[in-house]
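The values are calculated or read from the model by the stated rules, or taken from the named source; none is laboratory data. The structure displayed is predicted, hence computed values, not measured ones. Here the Cβ positions follow ideal geometry from the backbone for every residue, glycine too, while neighbour counts run over all protein chains shown.
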Amino acid sequence: MFSFQTIVENLPTLLGAARYTLLISVLGCAQGLILGALLCAAALSKRTALRRAAGLYVSFFRGVPLLIQLLVAYYLLPVVGINVPPLAAAVLTVGLCAAAYLSEVLRGSINAIPKGQAEAALAIGMSPGDLWVRVLLPQALKIGLPAIVNELILLVKASSLVTVVGIVEITRMSQSIASSTYRYLEIYLAAAFLYLAINLVIAAAGRLLERRLTV
Amino acid sequence: MTLRLSLKSALFGLSALTLTASGALADQLSDIKAAGKIVAATEMHYAPFDMLEKGEYVGFDRDLFDEIAKELGVTPEYQDLPWTSILPGLEVSKFDFVLAPVTMTAERAERYAFTLPISDSTVAFVQRTGGDMTAPEDAKGKTVGVQKGTAQQAQLEAYGEKIGGIKIKEYGTPDEAYADLMTGRLDAVAGSAPLLDYLAKTRPEQFSVVKPPFGKPTYFAWVARKGEGDTLVAAINEALIKIQDDGRMAALQEKWFGAATELPQEMPEL
Amino acid sequence: MLEMLHRYGPDLLTGFGLTLLTWVLGTVGGLVLGFFLEMARRFGPRFWIGWPIRAYVEFIRGTPFLVQLFVLYYGGPLIGLRLDALPAGVLGLSLYGAAYFTEILRAGFDAVPKGQIEAARAIGLPGRTIVWRIMLPVMMVSALPALVNFAIILTKETVILSMITVPEIMFQTQTMMSETFAFVLPILILALFFWGFVEVISRFGRRLERRFTHYLLEES
């Protein structure tokens, strides 16, 4: 028998764990944007070495499954002397991975900005740094907004894997509840719908923001 | 770890980098006493030793370690990790101490510092109530689940060879194996006696233990890093003996396993 | 190191074989199912078929693959769906892939120029011929890059099957790590290995893409 009671009883616990899911995806996305902007600048740079390095970074973080990246971060970083608490390790790894994808999003958006703007900005004596921060990035964020929101949704889903570094977010909590109540179907479905609800809200908020920005 | 505190430390990950203290002569006990807390990791899906109830960590390990932390005069901090991440995490100093019950084996003792035994861990089979096994030998030709990478797995494999063939399926956690036993994917699950007794005690209509245990007598203990953790292990052993002698151990055993048993107060032969 | 390779080499190889197998079966299964879903949605009744498919796609795309696997593998038996880890993993991968593939195919169909369909109708081609000889080939060409791209993403999702105990490469590596107490090197090698594997697959995919779309590029 399908037991709705189990879901109702354990929903508050699951919602509590959802804070970590949100925290990791939002902070991971923020870190990904900052690092992604740097990577994107490197990828568009005139220097071959910088372009190569950015290309290598993107190819690595997009080529290796996130589950393996998380374990590498967990096992390997302390060996080279970097030991971070679990939550920081999770955010850091998710953010490093997001940066690879977001740098591509930003690059696409910057390519969509008319070249004349950059030329004009440089012509009136703006420094390359100012050009990036004041002209290119704000527009790239706006043009890339749908893709960035999409990336955030991907991160909410990807955060289900941080269980392996010791974060009790929605998925880990649902495993725990399922194993003590033996109500696998109910609890995992509840977890699935919780993710779905979060992602639908993010998608709706993204569309709202998009409309605001275009008006 | 509260959300607010961790939020600050997690901000962009990078800001929270801390370098690990190195140095071969580090003395973990005084470090822990200086910090006033000990971070212990376990997989909180291992009833009755470690489990989560309504999001809170409970179990035999928790109760026992709360007592030990009191003896040491430090605050315990508990971390939940999948079993496959626990020993590697200990090696790279992700936390101070492994609170998961680790079966004592000679290979592991070469690599890690074991505390005194905290419980018996001899391997037995559990089947669905009403199943056709009456003795462990009946496992011949059956499909049996076991947690991967555990000492129980090694014993099950050896036993399978001895009685002439057991189909073994590996699982990430014992819970998954029990679930598959319940759904009929498995005929039996091999595991340590205290876990199986607890399972059968809490859900007698679904599970029953096949008596007697088939494995050679083994024990569960906790684990610290070798060298650096030696002082910590000595202090914990001292507390364990005290807790056994004043009867607190027996009370906890009654509470979680249903019966009190004597434990060795010296390191058993491995 | 050599001794470890000798002892675990065969397991790691079969693990990699399973990684390849689950990937190929999951991709093919996802493509076939995704294609049927799209055909049903495009040519079937909107209310009875269109909406359930829409809900299915939203569900799969809005939830983590790991949770979908848990629902299928641990929750399935409650409704009588009792699968072993490997079939459950392949089915899970197919169900997951189908939701994405069907959306890619939809975009491909939408991109078929209306003029071509109208022209085919004008010269009196039957509806079935229009679908199979005009819409499908044209659709495939425009959808191919996205299809290849998603197939590459699926290679990475196969490691998640280790969490429901499918003994693929990740699972085998973890077993080896817990038995040998060697943790750092194996996981690092696995990461580099996957990097190379995905690079090779992407190169191959891009070549495939060029082969099927080169005449479009020449035109433009």
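Observations on the structure shown:
- For beta carbons closer than 7 Å, sequence separation of 6+ or different chains, a first residue in segment C:191-212 that is under 16 Å from C:W23 (Cα atoms) and a second that is surrounded by fewer than 16 Cβ atoms within 10 Å (Cβ to Cβ), the qualifying pairs are C:E199/A:S59.
- Check on C:Y96, within 14 Å of another protein chain (Cβ to nearest Cβ), part of a helix (DSSP H, G or I), over 19 Å from C:T19 (Cβ atoms) and in contact (Cβ under 8 Å) with a residue 40 or more places away in the chain: no
Quick grid of which residues meet (1) among the hydrophobic types (A, V, I, L, M, F, W, C); (2) exposed (fewer than 15 other Cβ atoms within 10 Å of the Cβ); (3) modelled with pLDDT of 95 or more; (4) in contact with a strand residue (DSSP E or B) (Cβ under 9 Å, 6 or more places away or on another chain):
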| residue | (1), (2), (3), (4) |
| --- | --- |
| A:F2 | yes, yes, no, no |
| A:P12 | no, yes, no, no |
| A:R19 | no, yes, yes, no |
| A:G28 | no, no, yes, no |
| A:G32 | no, no, yes, no |
| A:G36 | no, no, yes, no |
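- Subset of segment A:64-91 (residues that are hydroxyl-bearing (S, T, Y) and surrounded by fewer than 24 Cβ atoms within 10 Å (Cβ to Cβ)): A:Y75
- Segment C:116-151 - residue that is of a type in the set (G, A, S) and closer than 22 Å to C:A99 by Cβ and, of those, surrounded by the most Cβ atoms within 10 Å (Cβ to Cβ): C:A151
- Scoring B:G165 on the criteria (1) surrounded by 18 or more Cβ atoms within 10 Å (Cβ to Cβ); (2) at positive phi leaves a single failure, condition (1).
- Each residue in segment A:1-12 was checked for being touching a residue at least 60 places away in the same chain (Cβ under 8 Å), assigned to a helix (DSSP H, G or I) and more than 12 Å from chain B (Cβ to nearest Cβ), and 3 of them qualify.
- The single condition from (1) at pLDDT below 95; (2) at the interface with chain B (Cβ under 9 Å from one of its Cβ atoms); (3) surrounded by 15 or more Cβ atoms within 10 Å (Cβ to Cβ) that A:L23 fails is (1).
- Listed by position, the helices (runs of 4 or more DSSP H) inside segment A:13-117 whose residues that are over 28 Å from A:L196 (Cβ atoms) and in contact with an Asp or Glu (Cβ under 7 Å, 6 or more places away or on another chain) number at least 1 are A:48-63.
- Test: B:L232 is modelled with pLDDT of 90 or more and outside the structural domain of B:E67 (by TED's automatic domain parsing): no
- Counting the residues of segment C:5-49 that are farther than 20 Å from C:M139 by Cα and in a helix (DSSP H, G or I) gives 26.
- You will find that of C:T173, C:T165, C:T180, C:T155, the residue that is touching a residue at least 24 places away in the same chain (Cβ under 8 Å), farther than 23 Å from C:T213 by Cα, hydroxyl-bearing (S, T, Y) and surrounded by fewer than 21 Cβ atoms within 10 Å (Cβ to Cβ) is C:T180 and no other.
- Within segment A:175-215, the set of residues being within 14 Å of chain C (Cβ to nearest Cβ), in a helix (DSSP H, G or I) and more than 23 Å from A:S25 (Cα to Cα) comprises A:A178, A:S179, A:S180, A:T181, A:Y184, A:L185, A:E186.
- Residues of segment B:63-82 satisfying the condition of being within 14 Å of chain A (Cβ to nearest Cβ) and either crowded, with 19+ Cβ neighbours inside 10 Å or more than 17 Å from B:D31 (Cβ to Cβ) (or both): B:Y78, B:Q79, B:D80, B:L81, B:P82
- Residue satisfying condition, being under 25 Å from C:I160 (Cα atoms), of a type outside the set (A, V, I, L, M, F, W, C) and away from chain B (no Cβ under 13 Å), within set A:R51, A:R62: A:R62
- Among the strands (runs of 3 or more DSSP E) confined to segment B:93-190, the ones with at least 1 residues that are within 11 Å of chain C (Cβ to nearest Cβ) are located at B:112-114, B:143-147, B:167-171.
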